[in-house]
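Heads up: the structure comes next, in structure tokens.
Coordinate-derived values only; no laboratory data. Keep in mind the model is a prediction, meaning the values are calculated, not measured. No Cβ is skipped: glycine too gets one built from the backbone with ideal geometry, and neighbour counts run over all protein chains shown.
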Amino acid sequence: MGAATARELARRGFHVLAGVRRDHDADTIRAAGVEPVILDITRSEQVEALAARIADDPRALHALVNNAGVQVNAPVETLPPAEWRRVFEVNLFGHIAVTQALLPALLRARGRVINISSIGGKYAMATYGAYAGAKFALEAVSDSLRREVAPLGVQVVVVEPGGVRTEIAARGIATANDLATRMTPEQHERYGDLVRANNSLMATGTASGLTADAAARVVVKAVTARRPRTRYTAGRDAALIMRLGPFLSDRTLDRVLAANLRRHHPKAAGASSPHFADTP
Ligand SMILES: NC(=O)c1ccc[n+]([C@@H]2O[C@H](COP(=O)([O-])OP(=O)(O)OC[C@H]3O[C@@H](n4cnc5c(N)ncnc54)[C@H](OP(=O)(O)O)[C@@H]3O)[C@@H](O)[C@H]2O)c1
């Protein structure tokens, strides 16, 4: 989604600094209007270098798009503490660090911050505790930041995609399978089917989701709209869940989601925890 967003913004005439972690990816994305910048958002020296690069540039910083994300699919009981921290480092603290570093430039330019959240930022499925936890927090931080900087002329916008055909599902499934090998036999007994069902759900949910280009167009709308909304969903699945969810009780939602999950693994039917089909 990040690459598609960078290309679409460049096509519309923006000069895009595109964060990548490897030289190889820099070479792939470099194009007219797309300047790669080596950036691991969890590494403070790289975040500082980005801020310095922007401070040296006479052009105004129109927008920061916080897009990086990692997904894990593991029960709360079994996800090792280091993995909890890794997910929060990327999906929350990294974005906060970049936002803090670039806010002076954004305030000067009366620019905007676009935070890429998820349906998981509003509804937490079983095995998505870490991912959804970090996305819920990103939603909350976005609300606070919006209320802090709106009077100073900076807009803060959240984009909430449903399923999008990117690498996130394959990567998330690989991580889930790796984590599953570290479960005890008892944990396997308790959660093995649940993890398998959710892997299947994620694979089909993203495969039937938006293309990265279509999701990127929603992000670009958040970047360019004269009066942006505070939140945009991306995809029909996201729009539907965000509209219906508030009318359903927790228990009703549990039942709906468990029924949906049963289609992916009959033995997981006993799982009474919430599951959405189409989003990591
Ligand atoms: N795809 C979906 O169905 C979906 C649904 C809802 C929300 N989202 C959200 O959309 C955003 C984009 O995800 P995607 O679907 O495009 O996933 P993706 O294809 O897996 O891309 C994720 C990107 O994040 C980058 N990243 C990971 N850790 C990073 C770090 N420490 N520093 C800098 N970059 C880092 C990755 O870089 P490397 O290539 O170097 O690893 C990769 O470019 C994420 O925030 C995700 O949570 C996606």
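For a label point 7 angstrom out from the Cα of residue 167 toward its Cβ, which stretches of segment 27-56 have the backbone nitrogen within less than 19 Å?
Counting backbone N atoms under 19 Å from the label point, the list is 27-31, 35-43.
Taking the mean number of other Cβ atoms within 10 Å as a proxy for protection, how do you rank 78-85, 92-99, 67-74 from highest to lowest? Mind dumping the intermediate values first?
Numbers: 78-85: 14.0, 92-99: 19.9, 67-74: 23.2.
Most protected by this proxy first, the peptides run 67-74, 92-99, 78-85.
Per-residue counts of other Cβ atoms within 10 Å, averaged by peptide: what ranking do you get for 238-246, 154-162, highest first? Don't skip to the answer; put the middle values down first.
On the way: 238-246: 15.6, 154-162: 25.0.
Ranked from most to least packed, the peptides come out as 154-162, 238-246.
Work out, in µm²/s and without decimals, the Stokes-Einstein translational diffusion coefficient of segment 134-181 at 4 °C, 1.567 mPa s, Rh from Kirkwood over C-alpha pairs.
On the way: Rh = 13.4 Å.
Translational D for this selection: 97 µm²/s.
Would you kindly state how much longer the chain becomes between residue 23 and residue 44 on full extension, computed as 0.36 nm times their sequence separation minus their alpha carbon distance, in nm to one decimal? Please report the intermediate quantities before stating the final value.
Values: separation 21, 0.36 × 21 = 7.56 nm, distance 1.86 nm.
Gain on extension, residue 23 to residue 44, equals 5.7 nm.
Applying 1/(1 + (r/R0)^6) with R0 = 22 Å to the Cβ-Cβ distance of residue 140 and residue 251, what FRET efficiency is obtained, to the nearest 0.05? Could you put the intermediate results ahead of the total?
Details: r = 24 Å, r/R0 = 1.11.
So the FRET efficiency works out to roughly 0.35.
I'd like the Kirkwood hydrodynamic radius of the chain, using the inverse of the mean 1/r over distinct C-alpha pairs, in Å.
On the way: mean 1/r = 0.0515 Å⁻¹.
Evaluated over the chain, this radius sits at 19.4 Å.
Based only on other Cβ atoms within 10 Å, what is the fewest-to-most ordering of 263, 165?
Numbers: 263 14, 165 17.
Exposure proxy ranking, most exposed first: 263, 165.
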